[in-house]
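The values are calculated or read from the model by the stated rules, or taken from the named source; none is laboratory data. Not measured: the values here are computed from a predicted model. Quick reminder, even Gly has a Cβ in these numbers, built from the backbone with ideal geometry, and neighbours come from all protein chains shown. Each accessible area value is taken on the protein alone, full model and side chains, heavy atoms only, with ligands, DNA and RNA left out. Shrake-Rupley method; radii C 1.70, N 1.55, O 1.52, S 1.80 Å.
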Amino acid sequence: MHFVRTEDLKTGMRLARPVYNKKSILLFDRNSLLSLQAIESIRNFGLIGVYVLEPAEPLPPLTQEDLEFERFQIQAVSAIEEEQDRILKTRKQNRTQSIADMVIRNYGHLDEKINFYQNLRSREDYFSRHSLNVAILCAMITHVMNIRREEQYHTVCAAILHDMGKVKKHDDVYYGAPYTREDMLRNCETQEEAYGIIEEAFATDGSGIRRICQQAARKQLDLFPEDGEKSRYKMLDGANVLLVANRYDEITAMTLQGTAQSEVKALQELLEHPEVYDPETVRALIRSINILPPGASVELSTGEKALVLNENEESVLRPTVVSFRDNSILDLSLPGNEDIQIVDVMKTMDNRYIFNK
């Protein structure tokens with residue numbers, strides 16, 4: 001399965017994920033073969049791209065939990081979109097608390113990892129879909145970290161509203177493109193007015209939600225410190241959670257440019273910057289979602305392709321794998337294998353393409 005930009009779709013490709021319209025009506029189911037008419041419909045719908053199956057790839061199984069996750073995303077996106085728009089226009093919140101409660105009720109008490117599937121996005125609904133994903137991740141991470149109920153609620157509310165200042169902006173930098181310090185400064189400036197609106201919209205919880213949003217946005221500037229200067233304020237737990245959840249979704253979601261990176265690439269970035277992304281929070285993310293489950297196909301630094309046999313709970317990027325080349329089994333956690341790294345998940349399983357004549 002891999003991501004394909006809408007402009008690169010070809011007839012005969014098979015959908016890996018279903019496509020719904022804005023009224024949550026199923027347009028094309030999984031495993032549907034794309035026709036010229038279907039491709040035109042997807043383009044008219046405004047989707048940046050879709051996930052397709054390899055020509056020889058079987059349709060992955062879909063569990064009841066996967067179906068419920070997909071259904072929940074569809075139902076919640078429009079509610080978030082309407083709420084963000086209402087707050088910007090009236091400076092009053094109406095459903096933020098009920099949306100947050102719904103997210104926590106569904107994902108703030110799980111004791112098992114879930115398959116965190118990225119949703120399909122268009123330019124118009126990009127931020128509402130991003131906000132929902134970040135809220136779900138925040139609910140799961142705060143549960144794993146045993147964060148008290150009030151701060152869990154504030155964190156999920158912050159996730160729902162943290163990107164509200166970007167809703168009326170249409171700058172490519174806000175769609176998951178690589179950041180520079182200048183981009184981050186613009187991000188903080190864009191969001192500052194919205195953070196004031198957030199505080200005003202809540203009668204009692206606004207200041208706590210605003211602080212979580214502000215700290216998370218400003219902490220990313222530590223990726224590009226000037227003269228070695230870094231932020232010295234104590235981060236709220238909720239801000240650390242929002243920061244990690246936000247960046248994970250930014251990396252793994254499709255960008256406006258029509259690209260999408262893997263869970264492995266996202267985790268590598270989070271682990272490489274412990275000065276910004278709190279290691280305990282990153283570990284809680286790893287305990288919440290499947291990153292490299294058994295059956296995942298990966299590319300190794302040796303140039304080999306391999307299949308994950310067993311997860312490594314202590315170091316998720318160092319599982320036990322079997323090589324496609326000679327069926328040899330490698331436990332990447334063993335001292336003798338420390339030089340072998342997982343570069344990424346496999347982007348393609350073969351180079352064949354089947355034309356539907």
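Quick notes
- The distance between label points at ASN31 and GLU275 comes to 5.1 nm (points 7 Å beyond Cα on the Cα→Cβ vector).
- Carbon and sulfur %, accessible surface of the chain computed with the full protein complex present, 1.4 Å: 48
- Residues considered: PRO274, PRO61, PRO293. Largest GNM mean-square fluctuation over the chain, using C-alpha springs under 10 Å, is found at PRO61.
- Taking the centroid of alpha carbons for each part, the stretch 28-55 and the stretch 94-147 are 26 Å apart.
- Exceeding the 28 Å Cα-Cα cut-off - candidates LYS23/LYS265; LYS23/LYS166; LYS89/LYS234; LYS166/LYS234; LYS219/LYS305: LYS23/LYS265; LYS89/LYS234; LYS219/LYS305
- In Å², nearest 10: area of GLU151 left accessible to a 1.4 Å probe: 30
- Residue order for GLU81, GLU338, GLU70 - accessible surface, 1.4 angstrom probe, largest first: GLU338, GLU81, GLU70
- Average accessible area per residue (Å²) across the stretch 242-356 - probe 1.4 Å, nucleic acids and ligands excluded: 49
- Computed with a 1.4 Å probe on the full set of protein chains, the accessible area for THR90 sits at about 70 Å².
- For the stretch 212-223, Karplus couplings with θ = phi - 60° (6.51, -1.76, 1.60), whole Hz, Gly/Pro x: 4, 4, 5, 4, 4, 5, 6, 5, 4, 5, 5, 5
- Calculated accessible area for the stretch 56-168 comes out at 42 Å² per residue, all protein chains present (probe 1.4 Å; ligands, DNA, RNA ignored).
- Placed amide H near PHE28: partners under 5 Å, 5+ positions off or other chain: VAL19
- Counting only the Cα atoms, the stretch 202-261 fills a convex hull of 114 Å³ per residue.
- With all protein chains modelled, accessible area of HIS130 [1.4 Å, Å²]: 10
- Of the residues PHE45, PHE324, PHE69, the one with the largest accessible area comes first in the ranking PHE324, PHE45, PHE69, computed with a 1.4 Å probe on protein heavy atoms.
- The radius of gyration of the Cα set in the chain, together with its Dmax, comes out at 20.6, 64 angstrom.
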